[in-house]
1. Kindly check whether there is at least one residue in segment B:65-82 that is over 30 Å from A:I101 (Cα atoms) and either surrounded by 14 or more Cβ atoms within 10 Å (Cβ to Cβ) or in contact (Cβ under 8 Å) with a residue 12 or more places away in the chain (or both).
2. Which pairs do you get when a residue that is modelled with pLDDT under 95, found in segment B:293-318, comes within reach of a residue that is surrounded by 20 or more Cβ atoms within 10 Å (Cβ to Cβ) and acidic (D, E), reach meaning Cβ atoms under 8 angstrom, with the pair 6+ apart or on two chains?
3. Of the residues that sit in segment B:334-348 and are aliphatic (A, V, I, L, M) and assigned to a helix (DSSP H, G or I), which one is surrounded by the fewest Cβ atoms within 10 Å (Cβ to Cβ)?
4. Looking at segment B:136-168, which of the residues that are without any contact (Cβ under 8 Å) to a residue 40 or more places away in the chain and among the hydrophobic types (A, V, I, L, M, F, W, C) is farthest from the other protein chains (Cβ to nearest Cβ)?
5. Filter segment B:367-384 down to residues that are at the interface with chain A (Cβ under 10 Å from one of its Cβ atoms) and assigned to a loop (DSSP other than H, G, I, E, B), then give me how many there are.
6. Counting only residues that are away from every other protein chain (no Cβ under 14 Å), over 11 Å from the mean Cα position of the chain (by Cα) and polar (S, T, N, Q), which one in segment B:92-125 is nearest to B:G67 (Cα to Cα)?
7. Every residue in segment A:8-30 that is within 14 Å of another protein chain (Cβ to nearest Cβ) and within 23 Å of A:A107 (Cα to Cα), please.
8. Filter segment A:177-195 down to residues that are over 18 Å from the mean Cα position of the chain (by Cα) and crowded, with 21+ Cβ neighbours inside 10 Å, then give me how many there are.
Amino acid sequence: MPRWGMVIDLDRCTGCGACEVACKSENNVATVSPAQADMGRAMSWMKVMAVAQGEFPDATLRFVPRPCMHCDNPPCVKVCPVAATYLSPEGIVGQIYPRCIGCRYCANACPYTVKYFNWYAPTWPTAEREHLNPDVSVRPKGVIEKCTFCHHRLQKAREDARAEGRELRESDYQPACAEVCPASAIVFGDLDNVNHRVHALKEDPRATRLMEELGTEPKVYYLTPRA
Amino acid sequence: MADAASKLDALPPDARTLLAPLVVTTWRFYLAAGVLGAITLWGVVAYFLQYRFGLGRTGLNQPAYWGIYIIDFVFFIGISHAGTLISAILRISKAEWRRAITRSAEFITVLVIGFGAIQPIVDLGRPDRVLFVFQHAQLRSPLLWDVISIGLYFTASTIYLYLPMLPDLAIIRDARIKAPRFYGFLAAGYRDTPDQRARLERVIGVLAIVVIPIAVSVHTVIGWIFALTLRPMWHSTIFGPYFVMGAIYSGIAALLIAMVVLRRVYRLEAFFKPVHFDYMGRLLLVFSLLWLYFTFAEYLTAFYGGEQAEMRTFWAKLAGPYAAPFWVMVACCFVIPLGLMARRATRTPAGTLVAGIAVVIGMWLERFNIVVPTSVNPRFELEPIAHYFPSWVELSIMAGTFSGFILLYMVATKFFPIISIWEMREGREVAVREVTERVEGYLPAAAGAD
């Protein structure tokens, strides 16, 4: 059984935001108006957070792309009263939109703040509306949504591999953010598979996870900057 | 009407005073009911707007996921601890002064629970799926524990209100002052025979014991909803007992307000005597001290540990954007009630009314100070600090809920005696002798008796 995970090299991340854009269009994430975004209602399953360090003129800007951590001990799954959010056997934390009652308890329980709520029915600019991804269901108003490691791609990859009568390869299943990253900062794969890059990368001395002390066992690792 | 009035005059004096509100209704009542009804309707309209367009109509955002509705939920369920718990404890401890106040307290409980319980439903993104909590129940979710304990509490306290009212319902039925078939149905064949009375008192005794752990569980579980997350200043073991203490505190305060108003509008001075306000005032005093103790313990633990994420929320409350609600809370929950209730001269109806109002406001602010500052200060330090200000929709629904509850309570006083008639009579006929015998039983036999 694979255990899907991600390693993000912060030394490589340029903060270009391609992962954000790829994620939004891959997963039909709704676009909110600027006024709504100012209220704190923008949705971005993958979000590049910027950290300013130092004082001018020695200031630097660091970037931390933040997807869902897909915890092995997910606080959001525990609190859901209707099992609308779940941990799959392969370690992906998913959300069942037709089940979610919109209580937002999971969003409050998540220490990484990666669960997004549909305050209104979703809207898109016309051009985007015409090119929604048919593989990903759009969400109604009033439910929680979140990064899924593009698990619809896993389904398709597995079917393809089965049809071709072979094992699933690392390159078969890559989420949109990892696929598009021009700096190859985002590496994705099976953490338990020695043939996958993430297996070795997660043992790198630079590897760390966000708020490890909470015991949530995140499956997203960060390689801290060298300098 | 004249017929009902003459029937009323034929009753003994206690019953005459206590049943008068069922027969006589002043224009002031209709005026107040009209205003409250209009505000309630306004709240309903606001809710339909929210239902139609989505929770976007609130001021909520990410990560301020919870706001007014959850504050009101904790607040109203807290108020509901007025009745059942206070009345049960006073009954079990044989506090004879309880007789006049238990009924009005139990009514607060039963009527306010519903208004509390709808708050999380108003807060749902998908209220149409609310029954999923039964269909797909997840026992590991504290939210489900809440559904169970509130459901149990509502059931138990409704029975606990109804059963001790049976003899009074029979009195109304027999006096034939109002809707005979309605009261005939509610009285359920109760004839007040010695056998029936003995059985009733036994059941009330058992119920009084049973409702206490249920009531304690209700607010404990509500505290746990917050405490079982990893969020700064929520993740605290004190929350269960702290919430129970706060609930009883706000319950006593709400009951005091109700007593002062009922005493004034229904001329119940003979029943709600200065001694009742004195004793209830002492209870309030004890709880203002308990409140300080619990609050101090909570904040000291957070402060002394000094964890970074905790400290952000801590300072936001004490000296940051939430300093105003925090210090007003301290004034309302501690300084004002302590100052007024520590002196006999201000443990009067007027004094307890001021203290009661202060505590109710203070306890609402306490829930605000629990929900909002933690919500806007996420643990993840890269996440920007959020802002939350309730929208007019949220404030309208809140106003509608408050006025809806007061309206329902007013209407209830028009259908049920708000002071137990039979328990007053029992007090005169039985309790006086019983208490004398009890006190004598504590003492060594008088000299020369043997």
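1. Looking for residues that are over 30 Å from A:I101 (Cα atoms) and either surrounded by 14 or more Cβ atoms within 10 Å (Cβ to Cβ) or in contact (Cβ under 8 Å) with a residue 12 or more places away in the chain (or both), one finds at least one in segment B:65-82, hence yes.
2. Matching pairs, first to second residue: B:A302/B:E310.
3. B:A345
4. In this case the residue turns out to be B:L166.
5. Of the residues in that region, 7 qualify.
6. The extreme case among them is B:T102.
7. Within segment A:8-30, A:V29, A:A30 meet the criteria.
8. 0
The values are calculated or read from the model by the stated rules, or taken from the named source; none is laboratory data. On a predicted model such as this, the values are computed, not experimentally measured, just so you know. All Cβ positions, even for glycine, are placed from backbone atoms using ideal geometry, and neighbour counts span all protein chains on display.
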